[in-house]
1. Can you list residues whose amide H is under 5 Å from Lys120's amide H, if they're 5+ apart or on another chain and H is modeled 1.01 Å from N?
2. List the lysines whose Cα sits under 22 Å from the Cα of Lys207, skipping any in the same chain fewer than 8 residues away.
3. If the reach is capped at under 27 angstrom between alpha carbons, list the lysines near Lys82, excluding any in the same chain fewer than eight residues apart.
4. Place a point 7 Å from the Cα of Lys136 along the Cα-to-Cβ direction; which residues of the range 43-59 have their backbone N under 20 Å from it?
5. Within the range 203-230, what residues put their amide N at less than 12 Å from the label point 7 Å along the Cα-to-Cβ vector of Ile278?
Amino acid sequence: MSNSQRIRGLLIAIAAMLIIAAPLRAADTDGITVIGNGEAKSRPTQVEISGLVAGDAELAADAIVKYRDAKKHAVDALNNLKLPSLSIESEGFTVNQAIDQNMQMQMMRGMNPGANAKAKVQVAEKLKLVLKGLDKIENEKLMDTLLKVLDTAKDNGLVVGPGLPQNYYQMQIAMQQGQGQSMITFKLPDPKDLRDAAYKDAMDNAKLRAQRLADLSGVKLGKILSIREGVVGASPNVNISYDPYGNQMRAQAEGSDLTSQMFTEIPMKVALTVQFEIAK
């Protein structure tokens, strides 16, 4: 077979594919396609307080002893509050070179701390204080409880919130980020029911919009042909850890939490792109 014959055959095959694909593309555009927005809100059910307990010394063995004594002192004081809804969780420990307060202030200002400063070893552990059952506590009582936990933690050696950097590693992170993490985070763990309510609201909204367009067009709305989902967003002070694009991301999202820096209702917002058939 000559080159011209092969090219002619290839062109014929491409033309045939385009002829077959044309009605399929036309069919994809048939019907009425709308975006339905849905939202559901719920109060957070737990609060998390970040903290750090540390011990430093010129010798690593002495640093470990100081760290263990400091942790026991802080944990015992928190347990003595007798709050059944309060738990203390470890998020891991680090061993770094410690710096004193004068050194860290000089470094934050871009000054050289000097060569005479003695290097120390620091053993530090990041702790997370978790208070559950917020939806069962009145606002005033919740505020009093949070302040009591914070004061107890700080008065007994626990560095609560971002605080000042305690070692060179934390110093570098603080300088890169410009600021530390929030002291308190309100959370709604695994909001499956809230997500389902938002989806239902989005579907009702899509049906309402499609029916309005059908009435204006003088046609009859038919069955649903396709549905696509996507997150719309959230209010500025709310972080929605939910991304439903793709099956793998959806599976991960089933265990995602909703968080906020404020004790207020946290919204779950979703959007559904729904295509309806035009009934004949």
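Quick note: the coordinates plus some simple rules give every number you see, no bench work behind them. As the structure is a computational prediction, the values presented were derived from the model and not from experiment. In this analysis, Cβ positions are derived from the backbone assuming ideal geometry, glycine residues included, and neighbour counts consider all displayed protein chains.
1. Correct list: Ala98.
2. By straight Cα distance, Lys207 reaches Lys41, Lys220, Lys223, Lys269, Lys280.
3. Leaving aside lysines fewer than 8 places away in the same chain, those within reach of Lys82 are Lys66, Lys71, Lys72, Lys126, Lys128, Lys132, Lys136, Lys141, Lys148, Lys154, Lys187.
4. Answer for the range 43-59: 43-49.
5. Within reach of a label on Ile278, which here means backbone N under 12 Å from a point 7 Å along Cα→Cβ, the range 203-230 contributes 214-222.
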